[in-house]
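Asker: Got a structure for you, written out below as structure tokens; questions coming shortly.
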Amino acid sequence: MKNQLTVRGMVIGALGVVVITTSSMFIALKLSSLPWPIIFVALVSMFCLKAMGGTNLNEINVTQTAMSAGAMVAGGLAFTIPGIWMLNPDAEVDWLMLLVVTLGGTVLGLIFTALSRKHFIEMKDHSFPMGEACAETLETGDEGGSKAGLLFAVMAGAGVFTFIRDWFGKIPAVLLSKKMAVYGSLCGAYVSPMLVGIGYLIGGIPIFVWFAGAVIADFGILMAGTELGFWDSAVGAAIKSSLGIGMMVGTGIGIICKNILPKAKEIFGSMFIKKYAGDSIVPMRWAPIVMVALAFVFTLVLDMGVIPSVITIIGAWITTAMAAECVGMSGINPMEIFGIIVLIAAKACSSMGGTEAFFVAAIVAVACGLCGDVMNDFKAGQLLNTDPRAQWIGECIGGIIGAVVSVGVLMVIITAYGGDCFGGELFPAAQAGAVSAMVGGISHMPAFLIGLCAAFIMYFLNLPVMTLGLGVYLPFYLSTTAFAGGLIRFLVDRFAPKFEENHTGTIIASGLLGGEGIAGVIIAVIIALQVII
């Protein structure tokens with residue numbers, strides 16, 4: 001870890017995580033979205049450390065890991081907890097409870113990223129497009145020359161485009177089909193350089209399967225099902241949503257049964273068996289004690305009850321694996337959906353109240369958000385030969401600071417604007433609205449069970465069911481743009497293979513991801529300052 005985990009790097013990372021976490025909380029509540037911060041913080045870390053002199057890509061990578069960790073912790077909180085006030089604007093939730101929720105989710109995320117990193121980064125070797133783009137950005141920027149010029153030119157262009165689209169509103173963010181809207185379909189295209197870049201980096205069969213899922217859901221379930229009189233558009237929407245969630249749950253169970261349990265000794269042995277202690281990036285003999293302690297804390301402090309607390313911890317184990325698989329294959333991390341899945345399981349097995357149900361969802365969403373974000377950092381670290389232990393320590397520092405800051409920012413917002421600020425024009429918080437809608441349970445249980453069983457079987461047949469499930473669940477306009485990027489990659493590989501031999505296409509895709517991501521973070525900071533001031 002020498003010359004990688006440094007005091008100056010952690011100071012820079014700690015200062016940066018305060019800014020990134022604050023802006024992420026505001027952007028998640030205000031725009032109901034959250035751009036990946038990884039490339040922005042990588043460039044900020046590179047600029048600061050190079051200005052100080054004597055740095056290297058590994059120190060930059062570790063600093064960036066610490067700086068980005070708080071963003072998705074804030075996202076996990078913002079995408080779930082505001083639903084409490086959407087259902088009851090006068091609800092009173094103690095700040096200590098929110099801190100326990102956020103720190104609990106962060107600690108679970110830290111444990112499961114440490115345990116599963118080797119499996120998802122080294123053994124399965126998923127693409128993790130954001131992590132790959134980050135490594136490409138750092139290497140190209142460090143080398144300089146024409147490749148660096150191309151990278152930063154594309155990045156600047158994508159950033160300007162994003163400002164024109166999101167800040168000035170001169171370019172529509174989404175192009176929707178009015179004809180399909182009558183069926184409840186968001187058919188169209190998201191005008192996003194980032195999503196095109198993600199599609200390009202994923203490429204191949206996964207991106208085509210992703211789009212196939214979208215076609216099945218919108219043109220099959222919503223349009224054809226309604227036209228043929230099988231159901232009305234409202235029932236069709238419930239079937240689409242429940243089927244997509246069921247497929248993701250089934251995939252998660254498949255991941256556990258096929259990949260995790262057979263290798264449980266290798267992945268989790270470091271928690272219990274001394275001879276496996278070296279298999280994890282850090283000693284993990286303390287992890288079972290911490291998880292038992294968290295179950296007691298959740299039961300006593302949050303009043304969740306013993307069974308929901310245990311389900312939350314087991315659910316976080318399953319869903320962080322799902323988050324790692326999902327981010328690795330698609331670059332998307334629907335953390336609030338993972339929270340909903342465990343929330344429903346906990347409610348089915350207990351009689352806990354509505355507020356406690358939101359706590360379950362938030363704990364899981366925070367853990368999954370942190371896991372997905374840091375797996376991107378670990379992928380970049382693998383490509384840059386960074387010590388993963390140094391990265392994990394950076395993740396601990398950034399994640400814990402991010403947990404405290406995110407709770408502080410949320411409490412400031414509630415104090416300043418009141419609980420009724422959520423769900424309206426000021427802070428739409430659409431994801432939290434979805435969680436509040438799902439507190440009552442799955443909207444179409446037969447579709448959910450069909451999706452679960454089908455996905456479980458398909459996963460064991462080595463079919464790319466996770467991306468198929470994403471296509472079914474996500475709005476069609478997201479899938480369209482990602483598919484366009486994947487189609488470009490297919491055409492490049494088939495008709496112009498030399499274009500990718502020197503990574504030109506990857507550099508351009510990385511610039512598209514970085515430009516929109518950086519612009520998104522800058523816009524978030526501006527919005528945060530405007531609201532605070």
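Asker: Given (1) among the hydrophobic types (A, V, I, L, M, F, W, C); (2) open to solvent by less than 10 Å² (accessible area, probe 1.4 Å); (3) closer than 29 Å to I318 by Cβ; (4) out of contact with any Lys or Arg (no Cβ under 7 Å at 6 or more places or on another chain), identify the lone condition not met by L151.
Answerer: Going through (1) among the hydrophobic types (A, V, I, L, M, F, W, C); (2) open to solvent by less than 10 Å² (accessible area, probe 1.4 Å); (3) closer than 29 Å to I318 by Cβ; (4) out of contact with any Lys or Arg (no Cβ under 7 Å at 6 or more places or on another chain) one by one, L151 breaks only (3).
Asker: Out of region 431-464, which residues are of a type outside the set (S, T, Y), buried (at least 17 other Cβ atoms within 10 Å of the Cβ) and at pLDDT below 85?
Answerer: Q431, A432, G433, A434, V435, M438, V439, I442, P464
Asker: Looking at A148, A135, A114, can you tell me which residue is assigned to a helix (DSSP H, G or I), over 28 Å from F296 (Cα atoms), small (G, A, S) and modelled with pLDDT of 80 or more?
Answerer: Going through A148, A135, A114 in turn, the sole match is A135.
Asker: I've got another one for you. Out of region 84-105, which residues are open to solvent by less than 40 Å² (accessible area, probe 1.4 Å) and within 22 Å of A434 (Cα to Cα)?
Answerer: I84, W85, A91, V93, L98, V101, T102, G105
Asker: Would you point out which residue out of S309, S351 is over 14 Å from L77 (Cβ atoms), of a type in the set (S, T, Y) and modelled with pLDDT under 90?
Answerer: S351
Asker: Separate question: Based on what the data block shows, is A367 touching a helix residue (DSSP H, G or I) at 6+ places or on another chain (Cβ under 7 Å), hydrophobic (A, V, I, L, M, F, W, C), without any contact (Cβ under 8 Å) to a residue 40 or more places away in the chain and assigned to a helix (DSSP H, G or I)?
Answerer: Against the criterion (touching a helix residue (DSSP H, G or I) at 6+ places or on another chain (Cβ under 7 Å), hydrophobic (A, V, I, L, M, F, W, C), without any contact (Cβ under 8 Å) to a residue 40 or more places away in the chain and assigned to a helix (DSSP H, G or I)), A367 does not qualify.
Asker: Here is a further query. Would you mention how many residues in region 300-332 are assigned to a helix (DSSP H, G or I) and open to solvent by 30 Å² or more (accessible area, probe 1.4 Å)?
Answerer: The total comes to 9.
Asker: Now a separate question. Within region 187-212, how many residues are assigned to a loop (DSSP other than H, G, I, E, B) and either in contact with a Lys or Arg (Cβ under 7 Å, 6 or more places away or on another chain) or more than 30 Å from N462 (Cα to Cα) (or both)?
Answerer: Number satisfying all stated conditions: 3.
Asker: Looking at (1) free of Cβ contacts under 8 Å to residues at least 24 places away in the same chain; (2) of a type in the set (G, A, S); (3) in a helix (DSSP H, G or I), which is the one condition that is false for S242?
Answerer: (1)
Asker: Another question, if that's okay. Within region 55-83, can you find the residues that are of a type in the set (A, V, I, L, M, F, W, C), open to solvent by less than 10 Å² (accessible area, probe 1.4 Å) and assigned to a helix (DSSP H, G or I)?
Answerer: Within region 55-83, I60, V62, A66, M67, A69, A71, M72, V73, A74, L77, A78 meet the criteria.
Asker: Of the residues that make up region 347-362, is at least one among the β-branched types (V, I, T) and either more than 15 Å from N61 (Cα to Cα) or within 15 Å of the chain's Cα centre (by Cα) (or both)?
Answerer: yes
Asker: Something else now. Looking at G419, G408, can you tell me which residue is surrounded by fewer than 24 Cβ atoms within 10 Å (Cβ to Cβ), free of Cβ contacts under 8 Å to residues at least 60 places away in the same chain and within 23 Å of L103 (Cβ to Cβ)?
Answerer: That would be G408, the only listed residue that is surrounded by fewer than 24 Cβ atoms within 10 Å (Cβ to Cβ), free of Cβ contacts under 8 Å to residues at least 60 places away in the same chain and within 23 Å of L103 (Cβ to Cβ).
Asker: Moving on to the next point. Please work out which residue is modelled with the lowest pLDDT, limiting yourself to region 240-266 and to residues that are open to solvent by less than 20 Å² (accessible area, probe 1.4 Å) and touching a His at 6+ places or on another chain (Cβ under 8 Å).
Answerer: I260
Asker: Do you know which of the residues in region 505-533 that are among the polar types (S, T, N, Q) and crowded, with 17+ Cβ neighbours inside 10 Å is modelled with the lowest pLDDT?
Answerer: Going through the qualifying residues, I end up with S510.
Asker: Residue by residue through region 13-54, note down the ones that are part of a helix (DSSP H, G or I), open to solvent by 20 Å² or more (accessible area, probe 1.4 Å) and closer than 20 Å to A173 by Cβ.
Answerer: K30, L31, F40
Asker: Name the single residue, out of those in region 202-239 being open to solvent by less than 10 Å² (accessible area, probe 1.4 Å) and in contact with a Ser or Thr (Cβ under 8 Å, 6 or more places away or on another chain), that is farthest from H503 (Cα to Cα).
Answerer: G236
Asker: Only one of F490, F499, F483 is open to solvent by 10 Å² or more (accessible area, probe 1.4 Å) and within 30 Å of A238 (Cα to Cα); which?
Answerer: Result: F483 is the single residue among F490, F499, F483 that is open to solvent by 10 Å² or more (accessible area, probe 1.4 Å) and within 30 Å of A238 (Cα to Cα).
Asker: Which one is nearest to L370 (Cα to Cα) among residues in region 333-352 that are in a loop (DSSP other than H, G, I, E, B) and open to solvent by less than 30 Å² (accessible area, probe 1.4 Å)?
Answerer: Looking at residues that are in a loop (DSSP other than H, G, I, E, B) and open to solvent by less than 30 Å² (accessible area, probe 1.4 Å), I get N333.
Asker: Let me ask something additional. Restricting attention to region 122-132, report how many residues are within 18 Å of the chain's Cα centre (by Cα), surrounded by fewer than 22 Cβ atoms within 10 Å (Cβ to Cβ) and either in a helix (DSSP H, G or I) or among the polar types (S, T, N, Q) (or both).
Answerer: Residues flagged as within 18 Å of the chain's Cα centre (by Cα), surrounded by fewer than 22 Cβ atoms within 10 Å (Cβ to Cβ) and either in a helix (DSSP H, G or I) or among the polar types (S, T, N, Q) (or both) within region 122-132 amount to 1.
The values are calculated or read from the model by the stated rules, or taken from the named source; none is laboratory data. This one's a predicted model, so the numbers in the text were calculated from it and none came from an experiment. All Cβ positions, glycine included, derive from the backbone under ideal geometry; neighbour counts span all protein chains shown. Quick note on the areas: whole protein, heavy atoms, side chains included, nothing else; ligands and nucleic acids left out. Shrake-Rupley method; radii C 1.70, N 1.55, O 1.52, S 1.80 Å.
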